[in-house]
Amino acid sequence: MRCVDRSLVIQLTCAAQRRCVSEAALKSHTEYLWFKTEREHEYINVTADVERIVAASTIREGLVLVSAMHITAGVYVNDAESGLIEDIDEWLEELAPYRPDYRHHRTGETNGDAHLKSLLIHHEVIVPITAGELDLGPWQQIYYAEFDGRRGKRVVVKAIGE
Amino acid sequence: MRCVDRSLVIQLTCAAQRRCVSEAALKSHTEYLWFKTEREHEYINVTADVERIVAASTIREGLVLVSAMHITAGVYVNDAESGLIEDIDEWLEELAPYRPDYRHHRTGETNGDAHLKSLLIHHEVIVPITAGELDLGPWQQIYYAEFDGRRGKRVVVKAIGE
Amino acid sequence: MRCVDRSLVIQLTCAAQRRCVSEAALKSHTEYLWFKTEREHEYINVTADVERIVAASTIREGLVLVSAMHITAGVYVNDAESGLIEDIDEWLEELAPYRPDYRHHRTGETNGDAHLKSLLIHHEVIVPITAGELDLGPWQQIYYAEFDGRRGKRVVVKAIGE
């Protein structure tokens, strides 16, 4: 039988209290972004918001999920270059056009196309966090895509890692 | 030199044994869902299955992956409203139609369109787990989409978190 | 007051030093794959690369993100069967065709279609890691899809888990 010295006890105690090991243990951090767009279709660059949330999480290595909480909106990663957003909007309208005769509209809704646009662009992305920062390529930006705006909408941003 | 008191020793011991710190350490939990649909195309709401698996994982904060293990099926998040599934099915048929002349069919297969539908709708989603529950928006439901049914198919559901 | 025996102290010490608990603590591992394709469009099976990276991570249970770091490339999971890649390439060209008149081209760029193809096929996948291996279905392969090649491009592969 031996006794431990005081500094070790403190180190062990804080380990048991989950504080000293927090760098190796899992951290998670969740925030919500709110949107109420002026137009029906809108594309909003949320990269800076996600960067801020990842910084607040103090996670150094992990993943961050950015996910629309609605079935008529999307989240995607692409470029902020001029003209591209208008091209994307036009392209989505071609592939998932507004039409009066979707079966879904028999419920009184008029946003059938917004559901299909959401499926096409996808509603979420996962971005890696490396050395405490979003590990994006040089032109990659995170966008919230609204297809049925003028009402309150939410995006969940959840980071997990160490 | 100082000695530690017994209750602390017990606390430290269980920490070393990975049990007391389990809330801070990473947990993972994996289950598989099996499907054998009656029809070639079928859309199955699996939200309750994923909820049950997440509850079994005892994870409070984390992510759950729901991923089709086949290249002719998909997993997506959208609404359970009336008419929508028929609209989605018709839309996928327009954008990735059945055709006899896919190159892939020279192998004797006839399901080229099912591969393209799987790519279009995507084969997986990640859903956040917050406070022990699926952190979905009010209308979001998780669907398994079968495009080449009447045979055994599988979806992997893997939750990680704390 | 009681003292702890030496072996317990050692066990506790290594717990505090984060080594003994490493199986329960979070691990992460990140590598990058580089591509410079000969052709403008190319589809490259990266499954073996991802398997190698997951093995190097020593993660037994977790998730691996495979994500293109460019806005004119994609990552998808589908089959390596004969004819399928040509079908996919032709289908993407139909749904997101090369056109001279994208607004984006007023910047001097000519790759507007590559952005849309990237959005359609999606730029990332998450694959589960179970018992130390990629938990893919029997025909699932991970592909890097290049839509604007002949230049250096990168894919980030990030595994997290225990």
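Each reported figure results from applying straightforward, stated rules to the coordinates on display, with no laboratory input. Here the structure is a predicted model, which means the values were calculated and not measured. Here the Cβ is made from the backbone with ideal geometry for all residues, glycine too, and neighbour counts use every protein chain on show.
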Would you mind telling me which numbered condition in (1) buried (at least 24 other Cβ atoms within 10 Å of the Cβ); (2) under 30 Å from A:K27 (Cβ atoms) C:E51 fails? (1)
Expected single match for among the aliphatic types (A, V, I, L, M) and more than 14 Å from chain A (Cβ to nearest Cβ) among C:I44, C:I53 is C:I44
Would you be able to tell me the number of residues in the stretch A:123-140 that are more than 7 Å from chain C (Cβ to nearest Cβ), among the charged types (D, E, K, R) and either closer than 14 Å to A:R52 by Cα or without any contact (Cβ under 8 Å) to a residue 24 or more places away in the chain (or both)? 1
Taking the stretch B:118-134 and keeping only residues that are charged (D, E, K, R) and under 16 Å from B:S67 (Cβ atoms), one is left with B:E124
Picking from B:A80, B:A114, which residue would you name as being part of a helix (DSSP H, G or I) and hydrophobic (A, V, I, L, M, F, W, C)? B:A114
Can you find a residue in the stretch B:100-115 that is closer than 26 Å to A:V125 by Cα, within 7 Å of another protein chain (Cβ to nearest Cβ) and not basic (K, R)? yes
Testing A:E51 on (1) farther than 11 Å from A:I129 by Cα; (2) not in a strand (DSSP E or B), one condition comes back false. Which one is that? (1)
Quick check: anything in the stretch B:87-104 over 13 Å from the mean Cα position of the chain (by Cα), charged (D, E, K, R), surrounded by 15 or more Cβ atoms within 10 Å (Cβ to Cβ) and in a loop (DSSP other than H, G, I, E, B)? no
Here is a check on your reading of the model: is C:A114 touching a Phe, Trp or Tyr at 6+ places or on another chain (Cβ under 7 Å), under 28 Å from B:T107 (Cβ atoms), buried (at least 22 other Cβ atoms within 10 Å of the Cβ) and not acidic (D, E)? no
If I filter the stretch A:27-38 for residues that are surrounded by 15 or more Cβ atoms within 10 Å (Cβ to Cβ), more than 9 Å from chain B (Cβ to nearest Cβ) and assigned to a loop (DSSP other than H, G, I, E, B), do I get at least one hit? yes
Some residue of the stretch C:61-83 being more than 9 Å from every other protein chain (Cβ to nearest Cβ), free of Cβ contacts under 8 Å to residues at least 24 places away in the same chain, surrounded by fewer than 24 Cβ atoms within 10 Å (Cβ to Cβ) and more than 25 Å from B:V66 (Cα to Cα): no
Of all the residues that make up the stretch A:68-99, how many are more than 21 Å from B:H122 (Cβ to Cβ) and small (G, A, S)? 3
